[in-house]
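Structure first, commentary second.
The values are calculated or read from the model by the stated rules, or taken from the named source; none is laboratory data. What you see is a predicted model; the values in this text were computed from it and never measured. Please note: Cβ atoms are built from the backbone with ideal geometry, for glycine as well, and neighbour counts cover all protein chains shown.
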Amino acid sequence: MTATAPAGMLTTSQGAQYARLLGVGGYRGSRVVDNDEMCTWIDSSDEWIRQRTGIVERRWATEDETPLSMAAAAARKALDRAGLAADQVDAVICSTVSHFQQTPSLAVLVADELDCGTPAAFDISAACAGFSYGVGMAESLVRSGAAINVLVIGVETLSRLTDLSDRSTAFLFSDGAGAVVVGPSDTPAIGPVVWGSEPGDHEVIQTRPWEVGNPEFPYIEMEGQKVFRWATTAIADKARECLRVAGLEPEQLDVFIPHQANNRITDSMLRHLKLPESVTVSRDITHMGNSSAASIPLAMEALLESGEATSGQTALVIGFGAGLVFAGQVLVLP
Ligand code: UT7
């Protein structure tokens with residue numbers, strides 16, 4: 001929609017008063033890798049991995065499953081559930097760090113695969129915060145009138161970015177895609193995004209530059225304890241900030257879906273936030289592992305499918321990771 005300005009002034013766009021999630025869909029890599037299989041590559045144990053992370057098994061993509069195939073599958077489900085056709089999508093935002101092609105973007109390939117027509121399409125690199133970065137941007141696009149319906153997809157094949165001989169990371173990561181459609185709403189349904197970065201800590205989780213001629217594949221490197229401390233202190237404060245800027249008390253929250261990085265991080269955040277016991281808390285990591293940008297929408301879909309959460313409930317989501325970057329907001333579940 002465009003708002004006509006007084007003569008001589010620029011015409012600007014203006015969209016819906018509010019935005020909301022219209023549908024969510026997910027796709028998990030079909031190969032199940034349990035801790036015993038993981039321990040064929042690293043010196044570890046099922047007991048250690050369960051105790052330190054809560055992970056029992058993780059999902060990896062097979063050779064046939066790619067970021068594109070998984071993103072498209074998740075997006076189709078989200079569109080179906082939103083009751084929208086692919087050509088009603090005005091913008092596609094893909095958050096990924098494992099689309100191993102500089103250009104075209106994965107978002108453009110998804111738009112082509114789904115037959116979306118000619119939407120705006122671009123990727124963002126915000127790692128485990130990518131879902132909330134994308135939803136924050138999509139909400140602004142809808143309210144500004146730059147788009148009516150926006151497809152936001154978080155997708156990763158982290159198993160292909162993981163050094164299987166690195167016992168400090170190998171057991172964590174997984175492959176999958178989660179998508180939501182963000183569109184117009186008559187009522188407020190997406191709280192203000194709380195987002196940011198810690199630029200001074202960019203080496204805490206990183207892949208080395210992809211230098212031409214370098215035979216060493218640039219796998220993920222992580223200082224796990226530093227991330228753990230940051231997540232359980234600064235990020236727990238940011239989660240509280242998400243509630244405050246949305247005007248909610250902890251007692252008014254129904255669901256908590258933190259990035260699925262470690263169940264001990266989730267436990268620590270719960271203590272910090274003092275959420276009531278009635279709040280449903282996602283533990284999707286147990287059978288999925290950490291799928292970075294896909295983890296929150298996948299966890300959301302799982303809670304809705306199992307009936308542990310229902311449409312219309314209020315959920316706090318927060319992502320954090322490589323960058324370091326973080327983002328979260330309060331959402332009404334689709
Ligand atoms: O999504 C992106 C964000 N990423 C995260 O949020 C990850 C945050 N970090 C973590 O989740 C945890 O730091 C890890 C799960 C990665 C590691 O757990 P930790 O409790 O921080 O372990 P640690 O690195 O402090 O190591 C504790 C001990 C060490 O032995 P000593 O020195 O106490 O004898 C390690 O050598 O555990 C040893 N260790 C292992 N033992 C068995 C380290 N890795 C392993 C392993 N198996 N895989």
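Could you check segment 142-186 and list, in sequence order, the residues that are within 16 Å of the ligand (Cβ to nearest atom), hydrophobic (A, V, I, L, M, F, W, C) and part of a loop (DSSP other than H, G, I, E, B)?
Within segment 142-186, Leu164, Ala170, Phe171, Leu172 meet the criteria.
Name the one entry in Leu243, Leu275 that is part of a loop (DSSP other than H, G, I, E, B) and surrounded by 17 or more Cβ atoms within 10 Å (Cβ to Cβ).
Within the list Leu243, Leu275, the selection yields Leu275.
Checking the conditions here, which among Ala19, Ala82, Ala86 is of a type outside the set (Phe, Trp, Tyr), buried (at least 24 other Cβ atoms within 10 Å of the Cβ) and within 23 Å of the chain's Cα centre (by Cα)? It would help to see each step written out before you state the result.
Working: Ala82 fails: buried (at least 24 other Cβ atoms within 10 Å of the Cβ); Ala86 fails: buried (at least 24 other Cβ atoms within 10 Å of the Cβ).
Result of the check over Ala19, Ala82, Ala86: Ala19.
Under 8 Å by Cβ, and 6 or more places apart or on different chains, what pairs join a residue from segment 304-317 that is within 16 Å of Leu22 (Cα to Cα) with one that is among the charged types (D, E, K, R) and surrounded by 12 or more Cβ atoms within 10 Å (Cβ to Cβ)?
If the second residue must be among the charged types (D, E, K, R) and surrounded by 12 or more Cβ atoms within 10 Å (Cβ to Cβ), the pairs left are Ala309/Asp254; Gln313/Asp254; Thr314/Asp254; Ala315/Asp254.
One residue is enough: does segment 83-90 have a residue meeting the conditions at pLDDT 95 or above and under 15 Å from Ala177 (Cα atoms)?
Just the residues of segment 83-90 that are at pLDDT 95 or above, to begin with: 83-90.
Adding the requirement that they be under 15 Å from Ala177 (Cα atoms) leaves none.
No, every residue in segment 83-90 fails to be at pLDDT 95 or above and under 15 Å from Ala177 (Cα atoms).
How many residues does segment 30-55 hold that are within 14 Å of the ligand (Cβ to nearest atom) and more than 18 Å from Asp163 (Cβ to Cβ)?
Selection size over segment 30-55: 9.
Out of all the residues in segment 257-270, is one or more more than 16 Å from the ligand (Cβ to nearest atom) and not assigned by TED's automatic domain parsing to the domain that holds Ala19?
Restricting attention to segment 257-270, the residues satisfying the condition of being more than 16 Å from the ligand (Cβ to nearest atom) are none.
Within segment 257-270, none of the residues are more than 16 Å from the ligand (Cβ to nearest atom) and not assigned by TED's automatic domain parsing to the domain that holds Ala19.
From Ala236, Ala293, which residue is at pLDDT below 95 and in a helix (DSSP H, G or I)?
Ala236
Out of curiosity, is Trp48 assigned to a helix (DSSP H, G or I) and aromatic (Phe, Trp, Tyr)?
Against the criterion (assigned to a helix (DSSP H, G or I) and aromatic (Phe, Trp, Tyr)), Trp48 qualifies.
What is the residue count in segment 95-117 for residues that are of a type in the set (A, V, I, L, M, F, W, C), in a loop (DSSP other than H, G, I, E, B) and farther than 16 Å from Gly134 by Cα? Full working, then the answer.
Start the filter on segment 95-117 by keeping residues that are of a type in the set (A, V, I, L, M, F, W, C), which leaves 97, 100, 106-111, 114, 116.
Right, trim to in a loop (DSSP other than H, G, I, E, B) and you get 97, 100, 116.
When the remaining residues are screened for being farther than 16 Å from Gly134 by Cα, the result is 100, 116.
Counting residues in segment 95-117 that are of a type in the set (A, V, I, L, M, F, W, C), in a loop (DSSP other than H, G, I, E, B) and farther than 16 Å from Gly134 by Cα gives 2.
With Leu84, Leu106 as the choices, which residue is over 19 Å from Thr162 (Cα atoms), touching a helix residue (DSSP H, G or I) at 6+ places or on another chain (Cβ under 7 Å) and of a type in the set (A, V, I, L, M)?
Among Leu84, Leu106, only Leu106 is over 19 Å from Thr162 (Cα atoms), touching a helix residue (DSSP H, G or I) at 6+ places or on another chain (Cβ under 7 Å) and of a type in the set (A, V, I, L, M).
Read through the list (1) outside any loop (DSSP other than H, G, I, E, B); (2) of a type outside the set (Lys, Arg); (3) at pLDDT below 95, then give the number of the only condition that Met137 fails.
(3)
When you go through (1) more than 23 Å from Ala71 (Cα to Cα); (2) without any contact (Cβ under 8 Å) to a residue 24 or more places away in the chain; (3) of a type outside the set (Lys, Arg) one by one for Ser197, which number turns out not to apply?
Of the numbered conditions (1) more than 23 Å from Ala71 (Cα to Cα); (2) without any contact (Cβ under 8 Å) to a residue 24 or more places away in the chain; (3) of a type outside the set (Lys, Arg), the odd one out for Ser197 is (2).
Please go through segment 199-236 and give me each residue that is closer than 19 Å to Thr96 by Cα and among the acidic types (Asp, Glu), ordered by number.
Glu203, Glu221
Table: residues versus (1) hydroxyl-bearing (Ser, Thr, Tyr); (2) in contact with a helix residue (DSSP H, G or I) (Cβ under 7 Å, 6 or more places away or on another chain); (3) modelled with pLDDT of 95 or more; (4) more than 25 Å from Val24 (Cα to Cα).
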| site | (1), (2), (3), (4) |
| --- | --- |
| Ile190 | no, yes, yes, no |
| Phe217 | no, no, no, yes |
| Val227 | no, no, yes, yes |
| His259 | no, yes, yes, no |
| Asn262 | no, yes, yes, no |
| Leu273 | no, yes, no, yes |
| Val281 | no, yes, yes, no |
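Free of Cβ contacts under 8 Å to residues at least 12 places away in the same chain and in contact with a strand residue (DSSP E or B) (Cβ under 6 Å, 6 or more places away or on another chain), is that true of Thr11?
yes
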